[in-house]
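*Asks:* The structure under discussion is supplied below as structure tokens; questions concerning it will follow.
Each reported figure results from applying straightforward, stated rules to the coordinates on display, with no laboratory input. These figures come from a predicted structure and were not determined experimentally. Note that each Cβ is placed from the backbone with ideal geometry, even for glycine, and that neighbours are counted across all protein chains shown.
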Amino acid sequence: MWLLELVCLVAQIRADETVVFYPGYAWQDPATGDWEGYVHGVIYEPEQNSLWRAGVIAGVRSALHIPSGSPEAQILEQRLRYFLVDSERGKEVRIRLGDRAVSVGVSGPDGYFRSVVRISAGEAARLAGPEGWIRYTALLGPGDNRTFEGRVQLIRPEGLSIISDIDDTIKHTHMLDSCQMLRNSLVRPFRAVKGMAEVYRQAAKAGAVVHYVSASPWQLFVPLEEFRQKAGFPAGSFHLHHVRFDPGGLAQIFSGPKDFKITQITQILKHFPHRRFILVGDSGQQDPEIYGELARRYPQQVVGIWIRNITAEPARSPRYQKAFAQIDSSVWKIFEKPEELRDRWEKISKTIPLYRGK
């Protein structure tokens, strides 16, 4: 395993504040061989005993008709806590990379910080291992024995990548039904779409990397990462949506705009112009239209579009014909069961050694 231990020194972080690092990725400068990677996350105070937060949780529980003290109520409280923290702004975050300290930004009003860290080719060669993951932990002030961990993945310029939606693609959410969507997002244990983890593990075993790009809010990162691990999906970078919590408009915080996904995916494609990409999503919202637009913009990079059919629309429907106009039918696939992807995967996988530069 590629393993690079980063020692993080977080300035001015108090003992009652929490740091969460989000999984990022690093890309290589072709001229120098050096790496540049995202280190990002959020700083907040949990405020476990806030009466206002307890009142908000009780109100949401009542609106969703969840009995007090039930297992569902416990899940609801746990997940809503991430939306009801006190975000800490103006906190400088510094990390120690190998034997040098690097500033990775100052947190904004929402507690979010983000920076690009440069890693020399020599450092990567000396400190990283074969799978490309850089793991880092935070060192806090004297007497603070807590551990905050994060990771960044070094991704080679050539290879195969999967860009995957989450809701209704790898996890049952029922985005088309606002009531069921809220219950599946906030109240019930997350359930994986049967067979999808096997598809992703097969791809990862062949050398592919994964980016999870979803309109789900960053506040759900921790339970989503726990779901990913439990369901057996490969580790990958996360790209979620920044939202402001509104108890009166819960459904809206799960419906990110089309521009959000296009921006996030475009950035990944531009960082890896020589890699090939499979875009995986579902028919519930705008994935076909988004992926079709990106495939027309980047025809040399997008070699597969896989859409899980949850709307019972046939592949010949006007919607798909419009979404995938000018795109060869061998590139896109509408499927209901993951095993239907086997033939497409076998065709693409035959060219993986070429993509990996072998």
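*Asks:* From the helices alone, meaning DSSP H stretches of at least four residues, give me the mean residue ellipticity at 222 nm for the chain, per-run term -39500 (n - 2.57), in deg cm²/dmol to the nearest 500.
*Replies:* So the calculated ellipticity at 222 nm is -8500 deg cm²/dmol.
*Asks:* Along each of the three principal axes of the Cα atoms of segment 160-355, give the extent in whole Å, ordering the values from largest to smallest.
*Replies:* Between the extreme Cα coordinates on each principal axis of segment 160-355 lie 49, 36, 31 Å.
*Asks:* Quote the FRET efficiency, to the nearest 0.05, computed for TRP52 versus GLU149 with a Förster distance R0 of 35 Å and r equal to the Cβ-Cβ distance.
*Replies:* With a Förster radius of 35 Å, E is 0.70.
*Asks:* Suppose R0 equals 25 Å; then what is the FRET efficiency for GLN326 and ALA206 from their Cβ-Cβ distance, rounded to the nearest 0.05?
*Replies:* My answer for the efficiency is 0.30.
*Asks:* Moving on. So which residue, out of GLY304, GLY232, GLY37, gets the largest mean-square fluctuation from a GNM of the chain using Cα contacts under 10 Å as springs?
*Replies:* GLY232
*Asks:* So, one more: Please give the length that would be gained between GLU293 and HIS172 if that part of the chain were fully extended, namely 0.36 nm times their separation in residues minus their C-alpha to C-alpha distance (nm, one decimal).
*Replies:* 41.0 nm
*Asks:* Hey, with R₀ at 30 Å, roughly what FRET efficiency would ARG342 and ASP259 work out to, going by the Cβ-Cβ distance, to 0.05?
*Replies:* That gives a FRET efficiency of 0.35.
*Asks:* If I stretch the segment between ALA121 and ALA31 completely, what's the gain in nm (0.36 nm per residue apart, minus their alpha carbon distance), one decimal?
*Replies:* Here the answer is 31.3 nm.
*Asks:* Calculate, axis by axis, the spread of Cα positions in the chain along the three principal axes, and write the results as whole Å, longest axis first.
*Replies:* That gives 57, 56, 30 Å along the principal axes, largest extent first.
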